[in-house]
Structure formats: structure tokens, C-alpha cells
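Novice: Got a structure here, written out as C-alpha cells. Questions coming.
The values are calculated or read from the model by the stated rules, or taken from the named source; none is laboratory data. Since we're looking at a predicted model, the values are computed, not measured. Backbone-built Cβ (ideal geometry, glycine too); neighbour counts: all protein chains shown. Heavy atoms of the whole protein, side chains included, go into the accessibility calculation; ligands, DNA and RNA do not. Shrake-Rupley method; radii C 1.70, N 1.55, O 1.52, S 1.80 Å.
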Amino acid sequence: PFKDCFGLLLNIPLERPFFDRLPFIRSLTKPGRHWFTIKTINGEEFYNLDSKFSKPKLIGNQNDLIEYLNTLDRAQTYIYIVIEESMMERFEQK
């Protein structure tokens, strides 16, 4: 479960609506990407710690987190689960 991990590190495509409407400029630029972290503070509630926000944004419990993650574009989103080294054996494939 996510509440046992240290946090999540996400990399998503940057939304650039103005540039995406200009085909010539869009063809010259690479699509930007943005990194942010989701962290559980007390083991029950998850917060989005995106630097674009003025303060951490509450996502909610683990079910709310899963719901939030399902809204992201799976083909373009990279999700890294950050765990403590002592938990590695739980995630190793056999």
C-alpha cells in the first residue's frame, strides 16, 4: 500500500496551451515536463507538494490518491515509488 512508502515522485508533461496552439513553435520546442512529489504526512492523508502551489494541497486518503493517479495520462506520466531501503525486499521480484 502507498501509506507504507516514503512518497511518490511524479513526472508529467507540462501544459502549455498557448504554445500548443501554434504549430510552427510547437514543432521547434520539446514538450516540457514537470516533477512533483506526493507525500503522506501522518500515514493516512496524502499531500501534493507541487512547487507550483503556494502550500501543500491535500489529496486525501489512499483511495483518493488512487483516484487522483487515475486522472493522469498513463502513457505520459512517470510515477516513482520512493521507499526506505529496509523495505526493498517487499518490492523485489522473484
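Novice: Looking only at residues that are in a helix (DSSP H, G or I), open to solvent by less than 80 Å² (accessible area, probe 1.4 Å) and of a type outside the set (A, V, I, L, M) in region 63-94, which one is nearest to Leu14 (Cα to Cα)?
Specialist: This residue is Tyr68.
Novice: Same structure, new question: Which residues, counting only those in region 60-94, are of a type in the set (A, V, I, L, M) and either within 14 Å of Cys5 (Cβ to Cβ) or more than 12 Å from the chain's Cα centre (by Cα) (or both)?
Specialist: Result: Leu65, Ile66, Leu69, Ala75, Ile79, Ile81, Val82, Ile83, Met87, Met88.
Novice: What are the residues in region 34-44 that are closer than 14 Å to Phe2 by Cβ and either open to solvent by less than 70 Å² (accessible area, probe 1.4 Å) or out of contact with any helix residue (DSSP H, G or I) (no Cβ under 9 Å at 6 or more places or on another chain) (or both), if any?
Specialist: Just the residues of region 34-44 that are closer than 14 Å to Phe2 by Cβ, to begin with: 37-44.
Result: Thr37, Ile38, Lys39, Thr40, Ile41, Asn42, Gly43.
Table: residues versus (1) charged (D, E, K, R); (2) modelled with pLDDT of 80 or more; (3) under 11 Å from the mean Cα position of the chain (by Cα).
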{"site": "Lys3", "(1), (2), (3)": "yes, no, no"}
{"site": "Phe6", "(1), (2), (3)": "no, yes, no"}
{"site": "Leu10", "(1), (2), (3)": "no, yes, yes"}
{"site": "Ile25", "(1), (2), (3)": "no, no, no"}
{"site": "Thr29", "(1), (2), (3)": "no, no, no"}
{"site": "His34", "(1), (2), (3)": "no, yes, yes"}
{"site": "Ile38", "(1), (2), (3)": "no, yes, yes"}
{"site": "Asn42", "(1), (2), (3)": "no, no, no"}
{"site": "Lys55", "(1), (2), (3)": "yes, yes, no"}
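Novice: Considering only residues that are assigned to a strand (DSSP E or B) and either without any contact (Cβ under 8 Å) to a residue 40 or more places away in the chain or open to solvent by 70 Å² or more (accessible area, probe 1.4 Å) (or both), which ones fall in region 45-62?
Specialist: Tyr47, Asn48, Lys57, Leu58, Ile59, Gly60
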